[in-house]
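Beneath this line is the structure, given in structure tokens, with notes to follow.
Values in this text are rule-based calculations from the coordinates and carry no lab data. None of the values given here were measured: they were computed from a predicted structure. Here the Cβ is made from the backbone with ideal geometry for all residues, glycine too, and neighbour counts use every protein chain on show.
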Amino acid sequence: MGHAWSEYVTPETTPLRGTPSQFDPHYGFSVPRREKKMIATLAEMESAKVPIDARDFCAHMLLNLRGCIREHFPFNHHCHHEREEYYECQYHDYLDRMKDYEREKRLLERRHKLRKQGAPNADEGTLVA
Amino acid sequence: MSLPRAVIGMLRSKTIYSISIRKVVSHEPWKPGPYPKTEEERVAAAKKYGLLPEEYEPYPDDGLGAGDYPKLPDIGQDSKSEYYPWDCPEHNRNFGEIMHLRSDLWGSDKGDPNYKEKARFPDWQRVSALFIAIFGLGGLMYSGDFLCKRYAKYMPKQWPQDELKHYTYSDKYF
């Protein structure tokens with residue numbers, strides 16, 4: 001079942017697009033998850049003129065790549081490793097979003113099922129109703 | 001850098017312009033004459049354009065410069081027969097044939113004053129087909145943007161924010 005259809009048919013068990021998570025990020029984990037840290041500082045990004053849409057959690061690797069290119073230009077293939085590292089970071093950023101989606105979907109389905117059963121702990125871990 | 005003295009002299013005097021007007025690009029040979037007022041002028045004008053005096057009729061003398069040019073029936077190239085052995089088949093025209101004053105507008109690549117006689121569909125059908133195609137497709141694209149978007153199987157992109165914390169599954173990155 002595609003998402004566009006589920007949005008209308010079962011909106012209560014579907015993570016609606018563009019909306020943040022409704023659950024506590026650590027709910028269900030035995031060990032609390034590691035917080036995402038922004039390594040590059042704003043001053044660094046501003047002085048390197050990093051575009052606004054590239055100032056995500058991988059910006060420090062973009063800075064690294066740009067510095068390498070600046071050092072080796074025009075032999076940019078010397079920065080192959082830095083480039084792959086940056087892409088890998090972006091991939092993991094995306095992977096986090098996909099895993100969060102799956103977690104959100106399963107938690108929504110679980111909460112829905114518990115609410116229908118009338119379980120007292122149905123809203124456990126919920127931030128937003 | 002300067003031009004030779006002889007050339008500068010030719011440019012300063014009007015000689016070169018008067019020679020070109022007279023010899024090279026002159027409108028005089030094919031400009032229509034003045035509007036015919038007397039019967040003799042009418043006959044002379046008809047003879048000039050290769051028409052019979054009874055079928056010659058000039059444009060009204062309304063100051064638009066048609067002069068004694070004959071008023072011919074409004075027939076575009078598309079309305080002329082394509083099976084007649086024309087001297088100039090690309091323009092459907094015989095050699096020396098008197099041309100219409102507006103013949104520059106009525107070529108096969110432009111328009112035809114009698115297009116409705118040969119049109120396959122009436123005008124209202126043609127216009128409505130155009131509008132239905134443009135606004136129908138545009139409306140589908142516009143409404144489809146709201147009604148059926150892509151299947152997005154991921155949460156919104158996480159940006160570093162002061163008030164909102166994000167958590168990762170990765171051990172190596174971030």
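Some observations on this one:
- For the cross-link pairs B:Lys23/B:Lys80; A:Lys37/A:Lys105; A:Lys116/B:Lys153; A:Lys116/B:Lys172; B:Lys47/B:Lys118; A:Lys37/B:Lys153, the ones whose C-alpha atoms lie over 32 Å apart are B:Lys23/B:Lys80; A:Lys116/B:Lys172; B:Lys47/B:Lys118.
- Distant-in-sequence amide H partners of B:Arg93 (H built 1.01 Å from N, under 5 Å): B:Asp87, B:Cys88
- Label-to-label distance, nm, for residues given as B:Arg12 and A:Leu114 (7 Å Cα→Cβ offset): 10.4 nm
- Per-residue mean of foreign Cβ neighbours for A:9-22 is 2 (Cβ atoms of other chains, 10 Å radius).
- Note on the stretch B:1-68 and the stretch A:88-129: Cα centroid distance 88 Å, given to the nearest whole angstrom.
- For B:Tyr167, distant residues with modelled amide H under 5 Å away: A:Lys36
- Sequence-distant residues sharing a close amide H with B:Leu72 (under 5 Å, placed H): B:Leu101
- Low-density loop cleavage sites - GluC sites (Glu not before Pro) in the stretch B:1-97, where at most 15 other Cβ are within 10 Å (DSSP): B:Glu54, B:Glu55, B:Glu82, B:Glu90, B:Glu97
- Cα-based Kirkwood hydrodynamic radius, the stretch A:39-121, one decimal, Å: 15.6 Å
- Over chain A, relative contact order from alpha-carbon pairs under 8 Å, at least 6 apart, %: 34 percent
- The order of A:Val50, A:Val128, going from fewest to most other C-beta atoms within 10 Å of their C-beta, is A:Val128, A:Val50.
- Listed residues B:Ser20, B:Ser108, B:Ser79, most fluctuating in chain B (Gaussian network, C-alpha, under 10 Å): B:Ser20
- Karplus-derived 3J(HN,Hα), 6.51/-1.76/1.60, for each residue of the stretch B:159-174, Hz, glycine and proline x: 10, x, 10, 6, 8, 10, 9, 10, 10, 10, 9, 7, 8, 9, 9, 6
- In plain terms, the chain from A:Leu127 to A:Phe73 could stretch by 14.5 nm, reckoned as 0.36 nm per residue minus the Cα-Cα distance.
- D_trans [Stokes-Einstein, Kirkwood Rh over alpha-carbon pairs] for the protein assembly as shown, 25 °C, 0.890 mPa s, µm² s⁻¹: 83 µm²/s
- Burial ordering of A:Trp5, B:Trp86, B:Trp106, B:Trp124, fewest other beta-carbon atoms within 10 Å first: B:Trp124, A:Trp5, B:Trp86, B:Trp106
- For the residues of B:73-84, the average number of beta carbons from a partner chain within 10 Å of their own beta carbon is 0.
- Among B:Met141, B:Met155, B:Met99, residue whose mean-square fluctuation peaks in a GNM of chain B (springs only between Cα atoms under 10 Å): B:Met155
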